[in-house]
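**Q** Here's a structure for you.
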Amino acid sequence: MIKASTPTIEDYLETIYGLTKSKGYAKVVDISGKLNVKPPTVTSMMQKLGDRGLLRYEKYRDISLTKKGVEIAKTVSDRHAKIMKFLTMLGVDKKTAYTDTEGIEHYMHASTVRKIHELVIFAENNPRWLDSMKKSARKKM
Ligand code: ZN
């Protein structure tokens with residue numbers, strides 16, 4: 001997750017969820033590395049999110065999301081996947097698509113993401129439409 005701005009609560013939950021899925025656990029140091037923030041910042045955020053009932057945090061222990069935390073993280077990951085798919089479908093390279101997705105995903109309404117996803121589904125079912133869209137756009141540029 002490469003971004004200059006301060007990570008949001010959603011970024012933290014998304015990161016912990018991703019780490020738990022890929023490594024089986026999440027530690028302050030891993031989160032710090034992924035989000036590019038200092039460990040003490042992560043620690044105080046963990047306490048805050050713990051107080052909100054989104055995760056379980058104890059010193060020197062792995063961090064785990066509560067049911068409520070997982071629910072939010074899943075919504076965020078789903079949104080991420082849909083925006084990512086849309087951008088790569090348009091031909092945006094994976095790295096750029098990832099950076100841009102991280103930049104915009106927290107600011108999009110669920111209804112907007114749904115509309116984008118509808119377009120992706122349509123394009124998948126109509127590959128020739130997508131092809132001709134790309135070709136005609138290129139001609140005009
Ligand atoms: Zn994301």
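The values are calculated or read from the model by the stated rules, or taken from the named source; none is laboratory data. All of these numbers come straight from a predicted model, not from anything done at the bench. For neighbour counting, all protein chains shown are included, and Cβ atoms are generated from backbone atoms with ideal geometry for every residue, glycine included. Please note that ligands, DNA and RNA were not included when accessible areas were found on the heavy atoms of the full protein model with its side chains. Shrake-Rupley method; radii C 1.70, N 1.55, O 1.52, S 1.80 Å.
**Q** Beyond 19 Å, what share of the Cα-Cα pairs of the range 81-140 is found? Please give it as a whole percent. Provide the component values of the computation, followed by the final result.
**A** Values: 609 of 1770 pairs.
Summing the P(r) of the range 81-140 above 19 Å gives 34 percent of all pairs.
**Q** Now a separate question. Can you quote the Å³ per residue value for the convex hull of the Cα atoms in the chain, rounded to an integer?
**A** Cα-based convex hull of the chain, divided per residue, equals 124 Å³.
**Q** Answer with one residue from 88, 77, 66: the one whose Cα lies farthest towards the positive end of the charge dipole of the range 56-115, charges on Cβ with Lys, Arg +1 and Asp, Glu -1.
**A** Of the listed residues, the answer is 66.
**Q** Hey, another quick one. Stick to the Cα atoms of the range 50-122, pair each with every other, and give me the Kirkwood hydrodynamic radius in Å at one decimal. Could you put the intermediate results ahead of the total?
**A** Details: mean 1/r = 0.0724 Å⁻¹.
Kirkwood radius, the range 50-122: 13.8 Å.
**Q** Sorting 22, 32 by accessible area (1.4 Å probe), largest first, what list results?
**A** Values: 22 95, 32 15 Å².
Result of the area sort, largest leading: 22, 32.
**Q** Need one word for the range 2-81: rounded, prolate or oblate. Basis is the Cα gyration tensor (sqrt eigenvalues a ≥ b ≥ c); a/c below 1.5 gives rounded, then a/b vs b/c decides. Show your work: numbers first, answer last.
**A** Numbers: a/c = 1.34, a/b = 1.07, b/c = 1.26.
It is rounded, given that a/c, with a ≥ b ≥ c, falls under 1.5.
**Q** Read phi for every residue in the range 122-137 and hand back ³J(HN,Hα) as whole Hz from Karplus 6.51 cos²θ - 1.76 cosθ + 1.60, θ = phi - 60°, with x for Gly and Pro.
**A** In residue order, the calculated couplings are 4, 5, 5, 7, 10, x, 5, 4, 4, 4, 6, 4, 5, 5, 6, 5 Hz.
**Q** Mind listing the long-range amide H neighbours of residue 65? Cut-off is under 5 Å, sequence gap 5 or more, other chains count too, H placed in the peptide plane at 1.01 Å from N.
**A** Correct list: 56.
**Q** Let me ask something else. Lysines near residue 23 by alpha-carbon distance under 25 Å, same-chain residues fewer than 8 away left out - which ones?
**A** Qualifying lysines at Cα under 25 Å: 3, 34, 38, 48, 59, 67, 68, 74, 82, 85, 94, 95.
**Q** Name the residue, out of 16, 63, 121, whose mean-square fluctuation peaks in a Gaussian network model built on the chain with Cα pairs under 10 Å.
**A** Looking only at 16, 63, 121, the biggest GNM fluctuation is shown by 121.
**Q** Label residue 122 and residue 74 with points 7 Å out from Cα along Cα→Cβ: what is the distance between them in nm?
**A** Label-label distance for residue 122 and residue 74, simple model: 2.9 nm.
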